[in-house]
Amino acid sequence: MRDRYDLVVLGGGTGGLVSALIAAGAGASVALVERARPGGDCLWTGCVPSKSLLAAAELAHRMRRADAVGLGVVEPRVDFAAVMERVDRARATIEPQDSADRLRRDGVDVIEGDGRFEDRGALSVDGRILRFRKAIIATGAEPTQPPIPGLEAIPALTSENLWELRTLPQRLMVLGGGPIGCELAQGFARLGSAVTQVEMAPRLLLKEEPRASELVAEHLRNDGVTVCVDTRALSVKGGDGGSGHLAVRHGDEDRTIDFDRLLVATGRTPRTEGLNLGGVGVRTDQRGAVIVNGRLRTTARHIYAVGDVTAALPFTHVAAYHARIAVVNALFAGRRSVRYDAVPWVTFTDPEVGRVGMTEQEARDRWGDRVVTTSFEYSELDRAITAGVPYGFAKLVGHGKGRLVGATVAAVGGGEAIAELSAWISTRARIDRVSQNVHAYPTFAEGPARAADQYLRTKLARPRMQALTKAVLRVLRALDSAS
């Protein structure tokens, strides 16, 4: 342990871990300050536990729908405590990759405690002063508590404390219709809870293509979720053990909905309180998010920020992407900038919603009639038909002469298929290129390629193109006859 470092990283989630490991691997002296345990939200309260829960929920659903592939339907016996113990095992299996021991083996000094900036080159950790040449803020975000009267008086669940449950709620209320709310609403419904989901916006997954929102809402309802959109939560009154009722308003109608547990999934707030950012010249916005430029430098020249604390795209892979850029810029005066136009993300509902780039509406807001779209229905995709999941769609959005600027794959395997489309967008490829690339048959990843095929067929069917084709063929026939 030392007291002076090339780089001090505040926060041990994905952004902090990747930052520290890259810097240490390059030979810099690095300290990582973490008040709890390394791994952050992704390992302990986010991606890993939620996808472990969803794996159990998906298998239970497939057992109930086994007739889709000609097998007998089976009602699964759900032992919720066992499901949650398996969630714990998944976290424990992955934890060594993010542990303090692993970091120390790779040359990172891990310091446990609450960090606070003291001046432009010093950070205090529970009274100990660490001096640094550069620093990276990677403190992440935490669940937002909406200002609903009575909410503070009940033991509400969030994505942070949900994993302590060992008894399945008979009636679960989910506040929020974003990715976290939709994933957990569907997961708990498939495991046996009677779920009601309340969203104040006119549709779920507001940032996605409207049709993707409609498709997810349809499948949630098919799984037994009572989906209430365009519905405002007015107040909460609690009883024993987290039960109570929620007063809501839809249009001119007010009513109350009873629940046994309430899950709040209404967004996340950057963790910046208590860091003394203002004291060292680091500005934040009205949400508390650290303001950064394209190179991830804050308003203090020697301090950078990565991940959810910047309120950029709130995904683990974005935090890692930030880290790879910020470390080079901070330590070696690099000039790399972030780009979000080709960053994919996935909502892990059934169907999955994979997304990259712009929606059709976003593109039209920017370019108007110069936008082209094409889509393909998975009800016609051979792989989806053979697997008994013939639903969903792939949609490609192009600009001008068909340069790919956005894509949505709302279907089984959508999260896997979106990666290829991200690569095409990053290379500024046209929709034609997706069609020309050879895809294995039969696979779910063929869906976007079939959408691109449809685009080419439409393009070739235009009168001018057909006239040109006929003229060329006449010349070729004449040449063949002459020879």
| message | Among (1) closer than 30 Å to residue 306 by Cβ; (2) assigned to a loop (DSSP other than H, G, I, E, B); (3) out of contact with any Pro (no Cβ under 8 Å at 6 or more places or on another chain); (4) not aliphatic (A, V, I, L, M), there is one condition residue 224 misses while meeting the rest; what is its number? | response | (1)
| said: Within region 98-107, does at least one residue satisfy the condition of being part of a helix (DSSP H, G or I) and hydroxyl-bearing (Ser, Thr, Tyr)? | reply: no
| task | Identify, from the list 253, 218, the residue that is surrounded by fewer than 23 Cβ atoms within 10 Å (Cβ to Cβ) and either closer than 25 Å to residue 58 by Cβ or of a type in the set (S, T, N, Q) (or both). | result | 218
| request: Please specify each residue of region 361-414 satisfying the condition of being hydroxyl-bearing (Ser, Thr, Tyr) and either in a strand (DSSP E or B) or at pLDDT below 95 (or both). | output: 373, 374, 375, 408
| message | Out of everything in region 379-391 that is touching a helix residue (DSSP H, G or I) at 6+ places or on another chain (Cβ under 6 Å) and crowded, with 20+ Cβ neighbours inside 10 Å, what residue ends up being nearest to residue 453 (Cα to Cα)? | response | 381
| request: Return yes when residue 299 is more than 21 Å from the chain's Cα centre (by Cα) and either of a type in the set (Ser, Thr, Tyr) or closer than 30 Å to residue 395 by Cα (or both) and no when it is not. | output: yes
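Within region 352-378, how many residues turn out to be in contact with a helix residue (DSSP H, G or I) (Cβ under 6 Å, 6 or more places away or on another chain) and either of a type in the set (A, V, I, L, M, F, W, C) or within 22 Å of residue 219 (Cβ to Cβ) (or both)? Walk me through how you get there before you give the answer.
Here is the first cut: in region 352-378, the ones in contact with a helix residue (DSSP H, G or I) (Cβ under 6 Å, 6 or more places away or on another chain) are 352-354, 356-357, 371, 373-376, 378.
Among the residues that remain, those that are also either of a type in the set (A, V, I, L, M, F, W, C) or within 22 Å of residue 219 (Cβ to Cβ) (or both) are: 352-354, 356, 371, 375-376, 378.
Residues meeting the conditions: 8.
Condition check ((1) outside any strand (DSSP E or B); (2) more than 21 Å from the chain's Cα centre (by Cα); (3) more than 24 Å from residue 348 (Cβ to Cβ); (4) in the same structural domain as residue 164 (by TED's automatic domain parsing)) across all residues:
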{"position": "72", "(1), (2), (3), (4)": "yes, yes, yes, no"}
{"position": "90", "(1), (2), (3), (4)": "yes, no, no, no"}
{"position": "110", "(1), (2), (3), (4)": "no, yes, yes, no"}
{"position": "117", "(1), (2), (3), (4)": "no, yes, yes, no"}
{"position": "124", "(1), (2), (3), (4)": "no, yes, yes, no"}
| request: Would you mind finding the one in 429, 423, 394 that is under 25 Å from the mean Cα position of the chain (by Cα), buried (at least 22 other Cβ atoms within 10 Å of the Cβ) and assigned by TED's automatic domain parsing to the domain that holds residue 355? | output: 394
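What is the residue count in region 367-398 for residues that are at positive phi and touching a Pro at 6+ places or on another chain (Cβ under 6 Å)? Walk me through how you get there before you give the answer.
Looking only at region 367-398, we keep the residues that are at positive phi, and these are 368, 388, 392.
Still in the running and touching a Pro at 6+ places or on another chain (Cβ under 6 Å): 392.
Number satisfying all stated conditions: 1.
Mind listing whichever residues of region 256-300 are part of a strand (DSSP E or B), crowded, with 16+ Cβ neighbours inside 10 Å and hydroxyl-bearing (Ser, Thr, Tyr)?
To start, the set of residues in region 256-300 that are part of a strand (DSSP E or B) comprises 256-259, 261-264, 268-270, 284, 290, 297.
Pick out the ones that are also crowded, with 16+ Cβ neighbours inside 10 Å and you get 257, 259, 261-264, 268-270, 284, 290, 297.
269, 284, listed by residue number.
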| request: Would you point out which residue out of 315, 332 is surrounded by 15 or more Cβ atoms within 10 Å (Cβ to Cβ) and of a type in the set (Phe, Trp, Tyr)? | output: 315
| task | Please state which one of 214, 199, 164, 152 is under 19 Å from the mean Cα position of the chain (by Cα) and farther than 21 Å from residue 255 by Cβ. | result | 214
| task | Could you tell me whether region 320-335 includes any residue that is farther than 17 Å from residue 297 by Cβ, of a type outside the set (Asp, Glu) and either touching a helix residue (DSSP H, G or I) at 6+ places or on another chain (Cβ under 7 Å) or at pLDDT 95 or above (or both)? | result | yes
| query | Hey, any hits in region 467-480 for a residue that's outside the structural domain of residue 207 (by TED's automatic domain parsing), surrounded by fewer than 20 Cβ atoms within 10 Å (Cβ to Cβ) and of a type in the set (S, T, N, Q)? | reply | yes
| remark: Looking across region 336-350 at residues that are more than 17 Å from residue 184 (Cα to Cα) and in a loop (DSSP other than H, G, I, E, B), the single one that is nearest to the chain's Cα centre (by Cα) is 343
| Residue selected from region 241-296 under the condition among the charged types (D, E, K, R) and touching a residue at least 24 places away in the same chain (Cβ under 8 Å), by the criterion nearest to residue 324 (Cα to Cα) | 295
| message | So residue 172 ticks every box in (1) over 18 Å from residue 183 (Cα atoms); (2) in contact with a Lys or Arg (Cβ under 6 Å, 6 or more places away or on another chain); (3) surrounded by 18 or more Cβ atoms within 10 Å (Cβ to Cβ) but one. Which box is left unticked? | response | (1)
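For the condition within 19 Å of the chain's Cα centre (by Cα) and over 30 Å from residue 310 (Cα atoms), what is the one hit in 60, 55?
Details: 60 fails: within 19 Å of the chain's Cα centre (by Cα).
The conditions single out 55.
Answer yes or no: is there a residue in region 312-329 that is within 29 Å of residue 27 (Cβ to Cβ), outside any helix (DSSP H, G or I), touching a residue at least 60 places away in the same chain (Cβ under 8 Å) and out of contact with any Cys (no Cβ under 7 Å at 6 or more places or on another chain).
No, region 312-329 has no match at all.
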| said: Being in contact (Cβ under 8 Å) with a residue 24 or more places away in the chain, within 12 Å of residue 381 (Cβ to Cβ) and part of a helix (DSSP H, G or I) is the filter here; which residues of region 415-452 pass it? | reply: 417, 446, 447, 448, 450, 451
| task | Could you please tell me which pairs satisfy a Cβ distance under 6 Å, a separation of 6+ or placement on different chains, a first residue in region 112-124 that is on the phi > 0 side of the Ramachandran plot and touching a residue at least 40 places away in the same chain (Cβ under 8 Å), and a second residue that is crowded, with 18+ Cβ neighbours inside 10 Å and not hydroxyl-bearing (Ser, Thr, Tyr)? | result | 113/125
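The values are calculated or read from the model by the stated rules, or taken from the named source; none is laboratory data. Note that this is a predicted model, so its numbers are computed, not measured. All Cβ positions, even for glycine, are placed from backbone atoms using ideal geometry, and neighbour counts span all protein chains on display.
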